[in-house]
Structures are given as structure tokens and as C-alpha cells.
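**Student:** Could you have a look at this structure, given as C-alpha cells, before my questions?
The values are calculated or read from the model by the stated rules, or taken from the named source; none is laboratory data. This is a predicted model, so every value here is computed, not measured. So basically every Cβ, Gly included, is an ideal-geometry build from the backbone, and we count neighbours across all protein chains shown. Only protein heavy atoms, including side chains, enter the accessible area calculation; ligands, DNA and RNA are left aside. Shrake-Rupley method; radii C 1.70, N 1.55, O 1.52, S 1.80 Å.
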Amino acid sequence: MTRPEPGAGKTISALSAIGLSCVKVPFTEMVAKSINAEFISALESSALQIDGIVVTSANALRYAAPNLLRVIATVPVFAVGDATAQFARELGFTKVYSADGNAQDLCALVRAKLLPHCNLIYLCGVTRSDDVERELHHCAYNLTTIETYETVKVSQLTHNLQGIFREQKVDSVLFYSSLSAQLFAAEYDALNAGHLSDVNAIFCISQKAKNALPSTLSGLCIVCPTPRDDEMISVVRRFYGA
């Protein structure tokens, strides 16, 4: 399983609960980014009025600077899914809306709640799709993008991968992002056919993750109907009849 913490532990527990043994081999780790002090000062002084916060990942909130979260705590949050919405509530946000879907559903939710030309903050990672930004700009919202974290490749990934495939029988691989799939593709040539001979399925959180993998692996790929952890677990459960 290639998912980094903090989500990796939750996924492993869910897989263990249905009788599957899982080895954690994170391809990436997340590092918090600093926020422009002048931007936070503008929020504190009310020089900048914010009408909504858009979030496509709980990590964008998890790694956000505490002083930023404190200033925007009363602003409505528009979350892509229920898990992200729940995490926002746990952080103290009181007005939280969940699109319970994908980026397109999230933008539709914003349009249903806020008029064009409202001021929005988009909390996100450095590595991301531009779907949300394009759509909200297209709908005439004033969008300020705040990158709260970046995702970086773990050190010694090649060594770790070769060790896992050499020492264990790996029946399936789970990819939780297109970035982890891209990193695997870059390591693919270093893994000989013998390393991958036992793999019967590759579970991908999205079509983008599948598309990032070598075409020779396409026949093994199973894509989640929606990019959520609970859906990934359900897909794995059905595959194994667990």
C-alpha cells in the first residue's frame, strides 16, 4: 500500500478488518508550507473579506498554519467529500458543506450557495489538478489559492520497493494518488518481471492514477468509481470476496 500517513494507518486497519495483510510502502510524505504573513494580516484586520473556503483534501486543513485556521474559523467551508468535511468540523469550523463527490460536484455546491464575484480561499497542496481553480475562475469567483503543504518523494524509494517485492509475495498494489503512480512508473524498469509476477491486481483511486502507470499494467488495474478511501476498501473487498 503506497499511501502516506496519516491516511495509511486508517487504510491498513480497514484492510486488516476484512482479513487482508497489508505492507505499508509510502512513496511520498507531506511537508507543511509557510503562509504569507501579509495575507494573514489582511484577514485579521478585515481588509480582506472571505466568503468561503474550498477544500479538496483534509490534508490541506491538516497542514494549514494554526494562525490561518484561527482567522478563518467562522468562514463557511466547502469540502469535496464527507471525510474532509468531518475533519473541518473537528478543527472547529461550524458551517461546513460537503459535496460528497468530485471536483465538479464541489464547484456545483459552491455555485448553489454563493453568488459570483464572492471571495474564496482554496486550500490545497502544491501538487494538484487545476480542475477546481479553472471552474471557479470560469464562474467569476475571486479565488485566492493557498498552498498549505507539498508532497515530496521519500528517500531510498527504489531500495524499499526492491526489498518488498524480493522478500514478500505481493498480490496487489494500492495507489492513492496519480503522483504515487507516476513515481512507481519511474521505478518500473528497476523492478524485473520476477518482482511483479505475483501481482494480480492494481487498485487505483482514480483514472488519473491508472493513466500514470505503464500501459503494460493496464490489464491489472481496477479503478474506484469515486476517489474515496471507503470506496477503495469496498473495491478491494469485492475483489477478494472478503
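**Student:** Counting only residues 5 or more places away or on other chains, whose amide H sits under 5 Å from the amide H of Lys95 once H atoms are built in the peptide plane?
**Tutor:** Amide H neighbours of Lys95, under 5 Å, 5+ apart: Val77.
**Student:** Here's another thing I want to ask about it. Can you check what the net charge comes to around Ser21, using other residues whose Cβ is under 15 Å from the Cβ of Ser21 (Lys, Arg +1; Asp, Glu -1)?
**Tutor:** Residues near Ser21 contribute 0 overall.
**Student:** In a Gaussian network model over the chain where Cα atoms closer than 10 Å are linked, find which of Thr216, Thr144, Thr11 has the largest mean-square fluctuation.
**Tutor:** Fluctuation is largest for Thr216.
**Student:** Let me ask something additional. If you roll a 1.4 angstrom probe over the protein chains with everything in place, what fraction of the accessible area of the chain belongs to carbon and sulfur, to the nearest %?
**Tutor:** So the carbon and sulfur contribution to the accessible surface is 48 percent.
**Student:** Assigning unit charges at the beta carbon (Lys, Arg +1; Asp, Glu -1) and nothing else, what dipole magnitude in debye, to the nearest 20, does the chain show about its Cα centre? Don't jump to the answer; show the numbers that get you there.
**Tutor:** Details: 20 positive and 23 negative charges, 65 e Å.
Computed about the Cα centre, the dipole is about 320 debye.
**Student:** A further question follows. Would you work out which of Leu48, His137, Ala79 lies farthest towards the positive end of the dipole of the chain, given +1 charges on the beta-carbon of Lys and Arg and -1 on that of Asp and Glu, about the Cα centre?
**Tutor:** The residue sitting farthest along the positive end of the dipole is Ala79.
**Student:** Oh, and also: Can you tally the net charge around Val126? Count Lys and Arg as +1, Asp and Glu as -1, for every other residue whose Cβ sits under 12 Å from the Cβ of Val126. Mind dumping the intermediate values first?
**Tutor:** Details: positive: Lys33, Arg128; negative: Glu147, Glu150.
Here the charged neighbours net out to 0.
**Student:** Still on this structure, I have one more. Need one word for the range 62-123: rounded, prolate or oblate. Basis is the Cα gyration tensor (sqrt eigenvalues a ≥ b ≥ c); a/c below 1.5 gives rounded, then a/b vs b/c decides.
**Tutor:** Cα axes put the range 62-123 in the oblate bin.
**Student:** Count charges around Leu220 for me, please; just the other residues with Cβ under 15 Å from its Cβ, Lys/Arg as +1, Asp/Glu as -1.
**Tutor:** -1
**Student:** From the Cα gyration tensor of the range 85-212, with a ≥ b ≥ c the square roots of its eigenvalues, which class applies: rounded if a/c is under 1.5, or else prolate if a/b is larger than b/c, or else oblate?
**Tutor:** Note, shape of the range 85-212 comes out prolate.
**Student:** Expressed in nm to one decimal, what extension gain is obtained for the pair Lys113 and Glu38 from 0.36 nm per residue of sequence separation less their Cα-Cα distance? Don't jump to the answer; show the numbers that get you there.
**Tutor:** Details: separation 75, 0.36 × 75 = 27.00 nm, distance 2.86 nm.
In short, 24.1 nm is gained.
**Student:** Mind checking the per residue accessible area of the chain for me, 1.4 Å probe, whole number of Å²? Before the final figure, lay out the partial values.
**Tutor:** Numbers: 11880 Å² over 242 residues.
Using a 1.4 Å probe on heavy atoms only, each residue of the chain averages 49 Å².
**Student:** Need one number: nm distance between label points at Arg238 and Val152, each 7 Å from Cα along Cα→Cβ, rounded to one decimal.
**Tutor:** 3.9
**Student:** Something else about it: Take every Cα pair under 8 Å in the chain that's 6+ residues apart, average their separations, divide by the length, and report that relative contact order as a whole percent.
**Tutor:** About 19 percent, as a whole number.
**Student:** Let me ask something else about it. Please compute the modelled spin-label separation between Thr216 and Gln162, points set 7 Å along Cα→Cβ, answer in nm with one decimal.
**Tutor:** For Gln162 paired with Thr216, the spin-label model returns 1.7 nm.
**Student:** Quick check on packing: order 12-18, 52-58 by the mean number of other C-beta atoms within 10 Å, highest mean leading.
**Tutor:** Details: 12-18: 14.3, 52-58: 24.3.
Descending mean neighbour count gives 52-58, 12-18.
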